[in-house]
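Below is one structure; the comments refer to it alone.
The values are calculated or read from the model by the stated rules, or taken from the named source; none is laboratory data. Quantities reported herein were computed from a predicted structural model and do not represent experimental measurements. Neighbour counts are summed over all protein chains in view; Cβ atoms, including those assigned to glycine, are modelled from backbone coordinates with ideal geometry.
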Amino acid sequence: MLILPKWLQKRYDALLEMFGESEFRFNDAAELLSQKFSEELSHVNVILSELRKAGYLEVKFDPTDARKKIYKLVSTKEIISKNLKVEDKKLSRGDLESILKSAADIIRTRVDYTFILVLLFYKRICDKWKYEYEIAYQEAIEDGFSEEEARVEAKNSVYHDFDLNEELLWENIRKDPARLPENLSKTMRKIAEKNPELKDIFENIDFLQFTTNTENIEILRQLVEIFSSKSLKNVPPDVLGDAYEWLIRYFAPQKAKEGEVYTPKEIIKLMVEIVDPKPGESVYDPACGSGGMLINSYKHIEEKNGRDAADKLLLFGQEYNSKTLALAKMNLYIHDIRNGHLFLGDTLLYPKIKDGGKPKKFDIVIANPPWNQDGYPEEVVKKGEFYKERFPFGFANKQSADWLWIQHMIYSSKEDTGRIGIVIDNGCLFRGGKEKYIRSKVVDNDLIEALILLPEKLFYNTGAPGAIIILNRNKPDSRKGKILFINASNEYEQHPDIRKLNHLSEKNIEKIVQAYREFKDTEGFSRVVGIDEIKKDNDYNLNVTLYVFPEEKTEEIDITKEWMELKNLENEIAENEKKIENYLSELGLYILNNRN
């Protein structure tokens, strides 16, 4: 470890002042440390051992007496130079997933996986702080600072993502296993005080409450030791981000049983490909969950135009659940995305992102809100902010807020550039009553550009197929008065990890996106339908299967070949029957002879 605890740093400084880079023996060190710090001989061994493990001390056997050792201190500058040049210590995706898999195996279903994510985040910011310290220290030395001055300078918060110090670092917490829960809780409270932007993350986890169960004390100790095995300072953001999302995905089936919604990354990728965010635009997710829609929008631009262009994308999100919001904030940081602005609150009642006192409008609005969310009858919605502007087509029944979400997303999009993608329950496309009325108004205003029926069994919490609605506030002239229906119900492969689930492959995504871009009829897959047909012939029913139904694949049969195979099979059966008759005849004779 590069940064030493204060007590050890003082003893290293004293030894360096006395011996510099000259060789010395145990008795020399013992005499100095005894005089200056009143250290006992037994503790001198501990000090030298800790310095050796940290890389501050080189040791070799005394050539005149093999029972004794000779020591030589390594300068801080040399340690940092070596540390910065080591590139082969970078962890791969496989390394990180192995660490997280070990952590997941420890907690299994007994403990909330949030504890793993918070520990991963905490370890990352500590290791990153140390790495930033190393670089700042090296630069200070090169600028002519003394080693002591460079150490003070390198701790300045201007060089770091977050304001920390040695007392708050991972290794300092880990050194006292008996007080691990108390130390973690105290440290995270202090970090939140020094860094208000981390308050939502560290105040949503309680290690003291967690370890009231004695079994969890051992679980926590094991988790800390697993994360202590590797440094996360040099891990690229995309590798670390993939590992973070792997863990969320790993626990998705379990969390789905508890009511949490996880949007498969393939569905997010499909929607982002369609709405196609551009550098400098703004993206808003009003039900942002763990931040997947925003992160994928960023990565979409990064892959096409580079990181600098992606950094110009403005990301906004709101989430009702404080713990889920903390996951999203961690997720953005782990991916090294700093242009995100996330807010806590009930979006349907209290939209938090304002511009000029009113809800802000965005270039892209994309979400997978809770399907058929209840608890929003008309009298409740009317107590919310800006309800007249945001819900101009009326209010749905209290059993389903689907069309409230859609209306809010329409309002939140810019009139000239607004594109909207929403994953929603298929039933909202054809249910009657108040939902039908709102649906008819959205169709009449020519806001819907495309409707995509998804395959069944894509989601962890429901086997229902779901649908994607793409809305456009400024349709091209060639698409005005029309809606593209895409029936992608057969576009899936079996999930690679979960037998009961399906998933969208790259090939499936590419086919759907191409159909959207071409905006034309494809037999059994897509069809462009005029709004008049939807109104007059189908009474505003948007059920995709009314307009396009997959072709049933018919297998061609070679009658001659099938007939020959059947005859061969009959011949084999006849031969086998003859053999069985012979065996039975021989067996009968054998029994008869034995009786006689």
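Of the residues making up the range 156-181, those that are of a type outside the set (Phe, Trp, Tyr), touching a helix residue (DSSP H, G or I) at 6+ places or on another chain (Cβ under 7 Å) and within 23 Å of LEU223 (Cα to Cα) number 11. Residue under question is PRO237, and the condition is that it be out of contact with any helix residue (DSSP H, G or I) (no Cβ under 9 Å at 6 or more places or on another chain) and within 29 Å of MET293 (Cα to Cα); does it hold? For PRO237, the condition - out of contact with any helix residue (DSSP H, G or I) (no Cβ under 9 Å at 6 or more places or on another chain) and within 29 Å of MET293 (Cα to Cα) - is not met.
Per-residue answers, yes or no, for (1) among the small types (Gly, Ala, Ser); (2) within 18 Å of TRP246 (Cα to Cα); (3) surrounded by fewer than 20 Cβ atoms within 10 Å (Cβ to Cβ):
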{"residue": "ASP311", "(1), (2), (3)": "no, no, yes"}
{"residue": "LEU315", "(1), (2), (3)": "no, no, no"}
{"residue": "LEU332", "(1), (2), (3)": "no, yes, no"}
{"residue": "ASP363", "(1), (2), (3)": "no, no, no"}
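Which of the residues spanning the range 141-171 are among the charged types (D, E, K, R) and either under 15 Å from GLN9 (Cα atoms) or touching a residue at least 24 places away in the same chain (Cβ under 8 Å) (or both)? Of everything in the range 141-171, those that are among the charged types (D, E, K, R) and either under 15 Å from GLN9 (Cα atoms) or touching a residue at least 24 places away in the same chain (Cβ under 8 Å) (or both) turn out to be GLU147, GLU148, GLU149, ARG151, LYS155, ASP161, ASP163, GLU166, GLU167, GLU171. Residues that are hydrophobic (A, V, I, L, M, F, W, C), in a helix (DSSP H, G or I) and over 23 Å from ASN541 (Cβ atoms) within the range 476-522 comprise ILE509, VAL513, listed in sequence order. What is the one condition in (1) within 17 Å of the chain's Cα centre (by Cα); (2) free of Cβ contacts under 8 Å to residues at least 12 places away in the same chain; (3) part of a helix (DSSP H, G or I) that PHE121 does not satisfy? Every condition holds for PHE121 apart from (2). Test of understanding: among ILE448, ILE470, which residue is under 25 Å from CYS288 (Cβ atoms), assigned by TED's automatic domain parsing to the domain that holds MET271 and either over 28 Å from the mean Cα position of the chain (by Cα) or at pLDDT below 95 (or both)? Among ILE448, ILE470, only ILE448 is under 25 Å from CYS288 (Cβ atoms), assigned by TED's automatic domain parsing to the domain that holds MET271 and either over 28 Å from the mean Cα position of the chain (by Cα) or at pLDDT below 95 (or both). Test each condition in (1) basic (Lys, Arg); (2) without any contact (Cβ under 8 Å) to a residue 40 or more places away in the chain; (3) crowded, with 17+ Cβ neighbours inside 10 Å; (4) over 30 Å from PRO476 (Cβ atoms) for ARG390 and report the one that comes out false. Result: ARG390 fails condition (4) only. Against the numbered list (1) in contact with a Leu (Cβ under 8 Å, 6 or more places away or on another chain); (2) on the phi > 0 side of the Ramachandran plot, ALA328 comes up short only at (2).
Quick check on PHE37: is it more than 50 Å from the chain's Cα centre (by Cα) and of a type in the set (Phe, Trp, Tyr)? Taking the combined requirement at face value, the residue does not satisfy it. VAL239 fails exactly one of the following numbered conditions: (1) assigned to a helix (DSSP H, G or I); (2) within 19 Å of ASP176 (Cα to Cα). What is the number of that condition? Looking at each condition in turn, VAL239 falls short on (2).
Scanning the range 35-58 for residues that are more than 17 Å from GLU23 (Cβ to Cβ), charged (D, E, K, R) and either in contact with a Leu (Cβ under 6 Å, 6 or more places away or on another chain) or assigned to a helix (DSSP H, G or I) (or both) yields LYS36, GLU39, GLU50, LYS53. Out of TYR244, TYR284, I need the residue that is at pLDDT 95 or above and either assigned to a helix (DSSP H, G or I) or crowded, with 22+ Cβ neighbours inside 10 Å (or both). Which one? Sole residue among the options that is at pLDDT 95 or above and either assigned to a helix (DSSP H, G or I) or crowded, with 22+ Cβ neighbours inside 10 Å (or both): TYR284. For LYS511, the criteria (1) of a type outside the set (Gly, Ala, Ser); (2) buried (at least 16 other Cβ atoms within 10 Å of the Cβ); (3) farther than 13 Å from ILE452 by Cα hold in every case but one, which is (3). The residue list ASP176, ASP200, ASP206 contains one member that is of a type in the set (Asp, Glu) and in contact (Cβ under 8 Å) with a residue 40 or more places away in the chain, which is ASP200.
When GLU302, GLU266, GLU273 are checked against the criterion of being closer than 16 Å to LEU332 by Cβ and of a type in the set (Asp, Glu), GLU302 stands alone in meeting it. GLY259: at positive phi, in the same structural domain as PHE459 (by TED's automatic domain parsing) and either modelled with pLDDT of 95 or more or not aliphatic (A, V, I, L, M) (or both), yes or no? Taking the combined requirement at face value, the residue satisfies it.
Within this structure, ASP200 passes the test of being over 15 Å from CYS126 (Cα atoms), touching a Lys or Arg at 6+ places or on another chain (Cβ under 8 Å) and at pLDDT below 90.
The residues of the range 523-537 that are within 21 Å of GLU491 (Cα to Cα) and assigned to a loop (DSSP other than H, G, I, E, B), listed by number, are GLU523, GLY524, PHE525. On inspection, ALA54 does not qualify as touching an Asp or Glu at 6+ places or on another chain (Cβ under 9 Å), surrounded by 12 or more Cβ atoms within 10 Å (Cβ to Cβ) and not assigned by TED's automatic domain parsing to the domain that holds GLU147. Just one of the listed residues (ILE173, ILE219, ILE191) is surrounded by 17 or more Cβ atoms within 10 Å (Cβ to Cβ) and in contact with a Phe, Trp or Tyr (Cβ under 7 Å, 6 or more places away or on another chain), and it is ILE191.
Taking the criterion of being under 21 Å from VAL46 (Cβ atoms) and assigned to a loop (DSSP other than H, G, I, E, B), the residues of the range 139-180 that qualify are LEU169, LYS175, ASP176.
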